[in-house]
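Accompanying notes for the structure given below.
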Amino acid sequence: MNALLKEIRHNPLLWLLVFVPVVFTAEKLKPEAHTLLFVLSVLAIVPLAALLSHATESVAAKTGDAVGGLLNATLGNLTELVIALTALRAGQYMLVKASIAGAIVTNTLFMLGASFLLGGLKYHVQEYNRISARMQAGLLFLAIVALLIPSAVSVADSAAGAAFTQQLSVCLSVLLIVAYGLGMLFSLKTHCELFASAEAGEAGEVPWPMGLALATLAGVTVLVALVSEVFVESVQKAAEAFGMSPAFVGFIVVALVGAAAEMASAFSGARKNRLDLSVGIAIGSASQIALFVAPVLVLVSYVLGPTPMTLQFWPGAVVMMLIATLTASLVTNSGRSAWFVGVLVLMVYMIFAMTLYLLPPRAQ
Amino acid sequence: MNALLKEIRHNPLLWLLVFVPVVFTAEKLKPEAHTLLFVLSVLAIVPLAALLSHATESVAAKTGDAVGGLLNATLGNLTELVIALTALRAGQYMLVKASIAGAIVTNTLFMLGASFLLGGLKYHVQEYNRISARMQAGLLFLAIVALLIPSAVSVADSAAGAAFTQQLSVCLSVLLIVAYGLGMLFSLKTHCELFASAEAGEAGEVPWPMGLALATLAGVTVLVALVSEVFVESVQKAAEAFGMSPAFVGFIVVALVGAAAEMASAFSGARKNRLDLSVGIAIGSASQIALFVAPVLVLVSYVLGPTPMTLQFWPGAVVMMLIATLTASLVTNSGRSAWFVGVLVLMVYMIFAMTLYLLPPRAQ
Amino acid sequence: MNALLKEIRHNPLLWLLVFVPVVFTAEKLKPEAHTLLFVLSVLAIVPLAALLSHATESVAAKTGDAVGGLLNATLGNLTELVIALTALRAGQYMLVKASIAGAIVTNTLFMLGASFLLGGLKYHVQEYNRISARMQAGLLFLAIVALLIPSAVSVADSAAGAAFTQQLSVCLSVLLIVAYGLGMLFSLKTHCELFASAEAGEAGEVPWPMGLALATLAGVTVLVALVSEVFVESVQKAAEAFGMSPAFVGFIVVALVGAAAEMASAFSGARKNRLDLSVGIAIGSASQIALFVAPVLVLVSYVLGPTPMTLQFWPGAVVMMLIATLTASLVTNSGRSAWFVGVLVLMVYMIFAMTLYLLPPRAQ
């Protein structure tokens, strides 16, 4: 418990934890103040995500390389998964899909681009392990192909089309999870030497004791789930109040909130000239969402959701995911970076954000 | 003749030759047993394709590098060409186009991916000549652009549109054949040193004497043509019996049958750590179908077919060919491989196969 | 003035200057002879573009590296800008957009491909600085994404859609100009050492004195503007007379005329085994059109044009720009070239030209 308090004292991000009780109190007192509840729940999720991420790393550090890597990879996007599950249970499939697509685009473009920019402002040219970057980009490309196909192959007859899309989504989900498992076998076991540098983790951080880490993992997951409920309920109404389109909220706001903790790690890696770490987190996170979170949500929707969810996305989202993946492939191909590479990648992100912000409400 | 018999004794694949007389007998006795005839014709085409491929290599080995390479490259996909010509004469343009697109996708993804996987299971990391792989991928990309354009540029007015697509297809076909010829001039003559390793051919195989090789080439081509006729007649009805969509049959089944012989060579190369050979066969075969077989079929359709055939494909097929080419480019870019690269490429293939299998009959 | 006359005597291209007075006389005497006026104005623009380009380089050479590079980059496509502005003022937005898309495609494919081919016919294999080529290709990719988004994200409701496309076009234009500025900061200031070779300029040419260069710049720009007016007025009617579709004229003819001067430099660089120069001019020119000329035209249309212009292109043009960029990325990735690479790139260009030539008039 001492370790937890010490961590909180030293990490200003965690001071935001004060908003966790605040959001629950506010929800009891003013359940109709959607905009307030939205802002408070965002402020509460960010430090919880950071705690979750630290707890996962601590458990991973204690359990040895293979199991640790597995845990780290699987729980790394727990925040996104919990938020999406809450939205799924509420039947808000458009929000779920927008947040999946948004998380992929935000991790690939914003996290990667900002890492390159922040690193490049400090170092003239940075080099990183391009073999692991390529592997990650390859996995991501595969996943994007799987997400693209149900939208690309349209079926004219709508009843047959719906059945087809549903069957296809289930089959693709199983395939993606298998690919994800094999990818971990490859990077953690058979060819782990290729990924040496990217897996090193944040040096200088003291891992928590096992009991504390596990308790934090369990407790914070419950808290994230509870706060997510407030978030999902308030987000649409708050968006209207801010004049944002629902697509913008799901794609940009939810994705940035869910990835806040990973971003902190990725940016700090870039500032320490450890771009391997940043690229690994950014592209790895995106592949994980596509290969693990998205298919799990499809399969879980058969149990938890009001109706089965498919992998069919809004065509604009497919185009954006595809461009994001191509950008990441092109950019990481050389294994070198400078500030302007970061600017280029961020610009692509801004083009997307701008488009979604301006999009009329009923167009997505 | 002795050499031929010896070859047959040593190569278990060739024992399937027994199905050649069986299929003709079956067709005489039970012309309505479509499913049986389909299975028998598949079993008969596979060993014939292997014989054809060996005969071509033997002729090539005897005629010196330049002419030999030319022959090898031009006759390498003779099986696919003969099957497609049979379907063309029967006016089954949908089957012809599906088998062209399917052969490109199957060669690029299945043959390449399985080679990487089979090689990677035996060797930790494999290296190959990436210059020739890039050249082949470049040629393939060009051809795919040519096949994509008639589908991308749609014309609203249907009468003018049909005339436009037809003119365009003929012009593109001529252009593709010119590009194919220049590509051979480049790889066999002006810059042959860049392709040294990929052109080495299967070591350890004894080429047949010229007379036997030429006689086999002629005789087997006639047999393939005759069996193809049975195959093309029975394939649609058999597909219905198996519950397969016509797109799946053309794209996956016909393509796998047609490429069986090349696959045997590509896989055996991969197991001998000669990935140059495997990559050369896989991507080379795909470019050849796109640059040579497809345009020849368009031009020949003016003579043999009931109406002229165009290069306009079903949009889903265009997306799949484009993704297959991009995958091959991304993957061969580094000149290194490990088992998981093969898994990734095969997964993309399985995504396509799954989609086509589930596709409702009238959607393509 | 002597320097100017000497230049004209030594450069046969400049003898075409005689067509400048001819075109003005012809327009006075025979204002209805559209085909004649079209041919004369093309013949007059080519030498004027060459003069403009030489004057810009002379000013750049005198003003030091940073300012010089800036001037060179900004005024390098002055001809295209002036022609497009003339078409803009006449409200011919389709011609403006076709000439933007055409200039990007022509520079990326025709100029690059012909440089590779011309260089490759003289040298067996040519090497060039692939870092700067990649940076340029990256910038170009970003710009194409910006031009692609307004066409990819379609809005069903037409009134809301038009407003959305207009707002988006203005925002994207500002973003592109910012990216363009940062790209120049990067290549001329913070990381200029990476671009050393590509910026060297044409050796052996004597720059003009400052006064002459500035006067030429001003005088020739006015002449180009005047000739452009004749060109824009006559081009549509002349195209009909030649049986060309308007898309072909804007995309191919206008683009080739506008880029004639840069092509002369790029080809001469390739023949001198200085492919850095050729690649820099070809891809640099294309990025400049996309990042600077296109957004400037959108912003200027609010002042000069009858209605605001958007960045929404004909879908076929978007596909072609995207393929052109992908081709340039794939091809420049290795930093090596041989004649067949040039053939491949030119073939893609010919596929596009052929398609546009055959396109029925009302289809774009």
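The values are calculated or read from the model by the stated rules, or taken from the named source; none is laboratory data. What you see is a predicted model; the values in this text were computed from it and never measured. Glycine also receives a Cβ, built like all others from the backbone with ideal geometry; neighbour counts cover every protein chain displayed. These accessible areas exclude ligands, DNA and RNA; they are computed on the full protein's heavy atoms, side chains included. Shrake-Rupley method; radii C 1.70, N 1.55, O 1.52, S 1.80 Å.
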List, shortest first and in nm to one decimal, how far the label point of B:LEU185 (7 Å from Cα along Cα→Cβ) is from its counterparts in the other copies.
4.9, 4.9
Computed on protein heavy atoms with a 1.4 Å probe, what is the summed buried accessible area for the chain pair C and B, in Å² to the nearest 100?
2600 Å²
Determine the per residue accessible area of the range B:294-364 with all protein chains present and a 1.4 angstrom probe, expressed in square angstrom.
32 Å²
Extension reserve of the B:GLU32-B:ALA225 stretch, reckoned as 0.36 nm per residue once the Cα distance is removed
67.5 nm
Distances in nm from C:PRO315 to the matching label points in the other copies, shortest first (labels 7 Å along Cα to Cβ):
0.6, 0.6
In the protein assembly as shown, taking the dipole from +1 charges on Lys and Arg beta carbons and -1 charges on Asp and Glu beta carbons about the Cα centre, the listed residue (A:VAL227, B:PHE242, A:SER132) farthest towards the positive end is A:SER132
Give me the percent of Cα-Cα pairs in the range A:137-189 that sit more than 13 Å apart, rounded to a whole number.
63 percent
Average partner coverage of C:127-139, which counts Cβ from other chains inside 10 Å
2
For the range C:20-26, in order, what is each residue's ³J(HN,Hα) by Karplus, 6.51 cos²θ - 1.76 cosθ + 1.60 with θ = phi - 60°, in whole Hz (x at glycine and Pro)?
5, x, 4, 5, 5, 4, 4
Name the chain A residue with the Cβ nearest the axis that maps A onto C: which is it, and what is the distance in angstrom?
A:ASN333, 4
With +1 on each Lys and Arg Cβ and -1 on each Asp and Glu Cβ, how big is the dipole of the range A:1-110 about its Cα centre, in debye rounded to the nearest 20?
180 debye
CD proxy, 222 nm, the protein assembly as shown: helix-only mean residue ellipticity via -39,500 (n - 2.57) per DSSP H run with n ≥ 4, per residue, nearest 500, stands at -23000 deg cm²/dmol
Please compute the modelled spin-label separation between A:MET210 and A:VAL303, points set 7 Å along Cα→Cβ, answer in nm with one decimal.
2.7 nm
Contact order relative to length of the range C:217-364, as percent, for alpha carbon pairs under 8 angstrom and 6 or more apart:
28 percent
Can you tell me what the convex hull of the Cα atoms of the range C:253-338 projects to on average, as an area in nm²?
6.9 nm²
Would you kindly calculate the translational diffusion coefficient of the protein assembly as shown, applying Stokes-Einstein with the Kirkwood radius from alpha carbon pairs, for 10 °C and a viscosity of 1.306 mPa s, and quote it in µm² s⁻¹ without decimals?
51 µm²/s
Once Rh is set to the Kirkwood radius over Cα pairs, what Stokes-Einstein translational diffusion coefficient, in µm²/s, holds for chain A at a temperature of 37 °C and a viscosity of 0.692 mPa s?
158 µm²/s
Exposure rank, largest accessible area first [A:GLU27, C:GLU193; 1.4 Å]
C:GLU193, A:GLU27
Using a 1.4 Å probe on the protein heavy atoms, what percent of the accessible area of chain A belongs to carbon and sulfur?
67 percent
Can you work out the FRET efficiency for the pair C:LEU121 and A:ALA162, with r the C-beta to C-beta distance and R0 = 51 Å, to the nearest 0.05?
0.35
Dipole axis of chain A (+1 Lys, Arg; -1 Asp, Glu on Cβ), positive-most option in A:PRO21, A:VAL318, A:VAL105:
A:VAL105
With charges set only on the Cβ (+1 for Lys and Arg, -1 for Asp and Glu), what does the dipole of the protein assembly as shown come to about its Cα centre, in debye to the nearest 20?
420 debye
For A:337-346, mean number of other protein chain Cβ atoms within 10 Å
5
Distances in nm from C:LEU214 to the matching label points in the other copies, shortest first (labels 7 Å along Cα to Cβ):
8.0, 8.0
Can you check what the net charge comes to around B:THR106, using other residues whose Cβ is under 12 Å from the Cβ of B:THR106 (Lys, Arg +1; Asp, Glu -1)?
-2
What FRET efficiency do you get for B:THR63 and B:LEU5 if R0 is 25 Å and r is their Cβ-Cβ distance, rounded to the nearest 0.05?
0.55
Pairs B:LYS189/C:LYS272; B:LYS122/B:LYS189; B:LYS62/B:LYS97: which are spaced more than 28 Å apart, C-alpha to C-alpha?
B:LYS122/B:LYS189; B:LYS62/B:LYS97
Is there a simple number for the mean count of other chain Cβ atoms within 10 Å of the Cβ of residues in C:168-176, and what is it?
3
So if I place +1 on the C-beta of Lys and Arg and -1 on the C-beta of Asp and Glu, and nothing else carries charge, what would the dipole magnitude of the range A:182-321 be about its Cα centre? I want it in debye, nearest 20.
120 debye
Answer with one residue from B:GLY181, B:HIS34, C:ALA270: the one whose Cα lies farthest towards the positive end of the charge dipole of the protein assembly as shown, charges on Cβ with Lys, Arg +1 and Asp, Glu -1.
C:ALA270
With all distinct Cα pairs included, what does the Kirkwood hydrodynamic radius of the range A:207-364 come out to in Å, to one decimal, could you say?
18.3 Å
